[in-house]
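Note sheet for the following structure.
The values are calculated or read from the model by the stated rules, or taken from the named source; none is laboratory data. The structure presented is a predicted model; accordingly, all values stated were derived computationally and were not measured. Glycine also receives a Cβ, built like all others from the backbone with ideal geometry; neighbour counts cover every protein chain displayed.
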Amino acid sequence: MFQEQRQKWITGLVLLLFGLTSHLLGFPTKEKISKEKLKKLELKDLKKDIVTLNLINGLNLTPWQMRYIYRHVRCYQNHVEWANREMAKWLPLAEKSLNQISLAVFMGRTPGRHWIKNLHRVQKECRKIQQALEEARKEHMWGIQMGLSSAQKEAVRHFKACLLPPKDFKNPVRVGQAMNLSGAINFFEKYRKATPGQKAKMEARFFQHLKKTIKRKTGIMDEPLFRKESHRLKSILKEVNSLSEIQFQLKKNKLAKEFHFKNPLKELEKKVKEIKWNKEKKLGKESLIPQIRVFLSKNLLSILEYKYRKFVSYKKGKADLKKIKGVENCKSCAVK
């Protein structure tokens, strides 16, 4: 009985250590990646590229900003390569230790303590490398953020991943971030032209859909919330119906922005973030914008190279960002 319990404990320990080591090292196992998985990874990368392009297009970066951001991205990618090389050095020791431990477990023996110590050592060293990489990431995120204007920072702060930028955006700085109002505006136009009987049917279908939306987004059918939202949305429809054609054309975008379910929790989060952001601005402080991490993508280098050539080459002849190595006086580089 004791022998079985000890065997289970040892097996569990090996699996735990193997999982932690694999996670820290970040290397794939010997199993071949299937074509389907490879295709999924390629599609994922392609989506990331499109999202990055939407953000870069919307910010209207100047040539100076392109060079500035390029330096930080290039420097961070050098850190990533350094981290991969350092972790690769510990891979043989991790594999050897795991092989010896698995052999001992297979033979029914207790694994040698030195092999387990080796695994702990690998984890400790890899953790140090990851911490250094994380510090470099934050440093370069701050650097990129400092190179953006206040309007660009606002655009990045409200940035949401999008594959297709809506056609109805008004502010070019916020390209890809404007709400797609075409559905609501089409509904308003049909509602205004409909007969009283048709309007009643349209309202019934819309509020039935609202019930499903509330249940999907909150997890429960909140009747008080449904009544509150129904009253608010009915007042919008009433206003849409009472407006003249000229007034409707002037106000339709504003009304369409309000014509959707407002989740109280999401709205509260937005208000808290807005209060915090305004408070920091008044105090002269500035917090790191999480969305800045989009800039650290390796693919951004080729995007910036293309855009820089497009903006500068016709003025100054050949323009090449590849000659730029990285950031001068980088703290992370000095530590490394």
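Some values worked out for this structure:
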{"quantity": "Residue check, Leu243 within 30 Å of the chain's Cα centre (by Cα), under 20 Å from Ser182 (Cβ atoms) and surrounded by 15 or more Cβ atoms within 10 Å (Cβ to Cβ)", "calculated": "no"}
{"quantity": "Those residues of region 57-116 which are more than 30 Å from Arg309 (Cα to Cα) and not in a helix (DSSP H, G or I), in sequence order", "calculated": "Met107, Gly108, Arg109, Thr110, Pro111, Gly112"}
{"quantity": "Region 179-201, subset within 37 Å of the chain's Cα centre (by Cα) and among the hydrophobic types (A, V, I, L, M, F, W, C), residue surrounded by the most Cβ atoms within 10 Å (Cβ to Cβ)", "calculated": "Phe188"}
{"quantity": "Residue check, Trp142 surrounded by 19 or more Cβ atoms within 10 Å (Cβ to Cβ) and either touching a residue at least 24 places away in the same chain (Cβ under 8 Å) or not assigned by TED's automatic domain parsing to the domain that holds Tyr306 (or both)", "calculated": "no"}
{"quantity": "Test: residue in region 246-262 that is modelled with pLDDT of 80 or more, more than 30 Å from Lys215 (Cβ to Cβ) and within 24 Å of the chain's Cα centre (by Cα)", "calculated": "no"}
{"quantity": "Selected residue (only one of Ser97, Ser102 is crowded, with 17+ Cβ neighbours inside 10 Å and among the small types (Gly, Ala, Ser))", "calculated": "Ser97"}
{"quantity": "Qualifying residue in region 67-79 (condition: among the basic types (Lys, Arg) and touching a Phe, Trp or Tyr at 6+ places or on another chain (Cβ under 8 Å))", "calculated": "yes"}
{"quantity": "Hey, Glu154 under 30 Å from Leu181 (Cβ atoms), in the same structural domain as Val51 (by TED's automatic domain parsing) and out of contact with any Lys or Arg (no Cβ under 6 Å at 6 or more places or on another chain) or not", "calculated": "yes"}
{"quantity": "Qualifying positions in region 180-210 - among the polar types (S, T, N, Q), part of a helix (DSSP H, G or I) and over 23 Å from Phe226 (Cα atoms)", "calculated": "Ser182, Asn186"}
